[in-house]
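The values are calculated or read from the model by the stated rules, or taken from the named source; none is laboratory data. Here the structure is a predicted model, which means the values were calculated and not measured. Counting neighbours? That spans all protein chains shown, and the Cβs are built from the backbone with ideal geometry, glycine included. Side chains included, ligands, DNA and RNA excluded: accessible areas come from the protein's heavy atoms. Shrake-Rupley method; radii C 1.70, N 1.55, O 1.52, S 1.80 Å.
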Amino acid sequence: MTKPVFRFAPSPNGELHLGHAYSALVNWGMANAAGGRFLLRIEDIDTTRCTPELERSIYRDLAWLGLEWEEPVRRQSDHFDDYRDALERLIDADLVYPAFMSRGEVRARIADEEAAGRSWPRDPDGTPHYPGDDRHLTEAERRSRIAGGAPFAWRLDMRRAMAHAGAPPRWDETGLGPKEETGVVAAAPEAWGDVVIARKEMPASYHLSVTVDDALQGVTHVVRGRDLFYATAVHRLLQELLGLAAPCYHHHELIVDADGHKLSKSRGDTSLAALRAGGMTPADITRLIGLAR
Ligand code: GLU
C-alpha cells in the first residue's frame, strides 16, 4: 500500500514564527499518526522577497523543533519549467488570457463603477475582482501588445474555466473553514474572479505552483492554515483543468497574538529565532502554541 504524503510548504520571505511552528507540528503529527511521509517544500517563486539566508533559517528552526523531512527538499525556484508547462496547457486550452490593465487603471475603473452606484465584487481576501475587459481582445491585438513590450499577467478566465471543468469542484475537508465548513465542501472558485496564474517576470503564481507541486510530489494530505481555506477552491479548479489528482485537505486554526491578530512575518516578536535566542526550548514552544501533551 502506498503511504500517505504530507507536506509543509513555507516561503522564505521572513523568519518562521509561532504560527509556522503550529502548522509544521500539526502536519508532522498527522503524518506520523497516519504512518505517512513528511515532505518540506520551499515556496520561493517570489525571488525578490525570498532569500537563501531565510531558507537556511527554516531548516534550522524546523530541525530545532525536532522535525525530520525527506531529502532532497523541493525548492520551487528550481522548477519554473514545470509551472511553465502547466501554463502552456492552460494557454493552449484558451483558459487564460494576457491581462494588461495596470493597478492604477483597475482602481480607476472600479472607482468609476462605484461612483455610478454599482457595487463591485470582491474576493474572499477583500481585493476587488479584476475587470477583465481584455478577455475580449483579439489574438492579433494581444500579440501586438506583447510584442510592444506591454507588461501583463496571465489570468484565468474564470467563467470559461468553470464551464470547462463541468461540475463545480468539491473537496474533502477534515479540518474546519472560517464558517465551520467541513466534510465534503463545494468549492466556489468564482468568488476570486480572474485570478493571476503567472506574471511576465514570474512564471507561476502561488495558485499554479502549489497545485502543480502537490501533484508532482504525490501529496495526498494538504495540512495548512485556515487563511488558505478559500484558496483551495482555486486549487481544486486548477486540478480539474490540468487533470491532476485531488488531495484531501485539513485547514487548521490560526495562532493569534494577544489582540486576536493573525501572526505575520513582519512582526518579529514571535519569530522562532528570537524566542530561541531568548532562552526558550522546543518544549516551551509546544506549550505556548497549545500542543503540549
Ligand atoms: N507557502 C505558503 C505560505 O507560506 C503555504 C502554501 C500552502 O501550504 O499551500 O503561506
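Taking R0 as 51 Å, what FRET efficiency do you get between ARG293 and ALA140 from their Cβ-Cβ distance, rounded to the nearest 0.05? Walk me through the intermediate numbers first.
Working: r = 65 Å, r/R0 = 1.27.
With R0 = 51 Å, the Cβ-Cβ based efficiency is 0.20.
Contour minus end-to-end for ASP227 and ASP46, with contour as 0.36 nm per residue of separation and end-to-end as the Cα-Cα distance? Could the numbers behind the result be given before it?
Numbers: separation 181, 0.36 × 181 = 65.16 nm, distance 1.94 nm.
Gain on extension, ASP227 to ASP46, equals 63.2 nm.
Among the GluC sites (Glu not before Pro) within region 55-95, which fall in a DSSP loop and have no more than 15 other Cβ atoms within 10 Å of their own Cβ?
Details: sites: GLU55, GLU68, GLU70, GLU88; in loops: GLU68, GLU70.
Of the GluC sites (Glu not before Pro), the ones in loops of region 55-95 whose Cβ has at most 15 other Cβ atoms within 10 Å are GLU68, GLU70.
On full extension of the chain, what length is gained from ARG122 through PHE80, given 0.36 nm per residue of separation minus the C-alpha to C-alpha distance? Walk me through the numbers on the way to the answer.
Details: separation 42, 0.36 × 42 = 15.12 nm, distance 2.98 nm.
12.1 nm is the gain from fully extending ARG122 to PHE80.
Roughly what percent of Cα-Cα pairs across the chain reach past 30 Å? Intermediate values should be presented prior to the final figure.
Working: 15508 of 42778 pairs.
Tail fraction, whole percent: 36.
Please identify which residues in region 184-198 have an amide N closer than 20 Å to a label point set 7 Å out from the Cα of ALA111, following the Cα→Cβ vector.
none
Taking region 137-203, which GluC sites (Glu not before Pro) meet the DSSP loop condition and have no more than 13 other C-beta atoms within 10 Å?
Working: sites: GLU139, GLU141, GLU173, GLU180, GLU181, GLU190, GLU201; in loops: GLU180, GLU181, GLU201.
Here the sparse-neighbourhood loop sites are GLU180, GLU201.
So what is the 222 nm mean residue ellipticity for the chain from helices alone, if each DSSP H run of at least 4 adds -39500 (n - 2.57) and you divide by all residues, rounding to the nearest 500 deg cm²/dmol?
Details: 10 runs with 108 residues, N = 293.
Helix-only estimate at 222 nm: -11000 deg cm²/dmol.
Quote the charge dipole size of the chain about the Cα centre in Debye, to the nearest 20; the model charges only the Cβ of Lys and Arg (+1) and of Asp and Glu (-1). Intermediate values should be presented prior to the final figure.
Numbers: 36 positive and 44 negative charges, 45 e Å.
Approximately 220 debye in magnitude.
Sorted by accessible area (1.4 Å probe), largest first, how do THR232, THR2 line up? Walk me through the numbers on the way to the answer.
Details: THR232 0, THR2 125 Å².
Highest to lowest solvent-accessible surface, that is THR2, THR232.
Using alpha carbons only, how many angstrom separate the centre of region 153-198 from the centre of region 16-77?
So the separation of the two Cα centres works out to 26 Å.
May I ask you to compute the full-extension gain from ALA274 to ASP172, defined as 0.36 nm times their residue separation minus their alpha-carbon distance, rounded to one decimal in nm? Walk me through the numbers on the way to the answer.
Working: separation 102, 0.36 × 102 = 36.72 nm, distance 3.70 nm.
Taking ALA274 through ASP172 to full extension adds about 33.0 nm, to one decimal.
With unit charges on the beta carbon (Lys/Arg positive, Asp/Glu negative), name the residue among SER11, GLY36, ALA215 whose Cα is farthest towards the positive pole of the charge dipole of the chain.
GLY36
If I fit a long axis through the Cα atoms of helix 103-115 and take the longest principal axis of the Cα atoms of the chain, what angle between them do I get, 0 to 90°, rounded to 10?
With both axes taken from Cα atoms, the answer is about 70 degrees.
Order ILE289, ILE146, most accessible first, counting only protein heavy atoms with a 1.4 angstrom probe.
ILE146, ILE289
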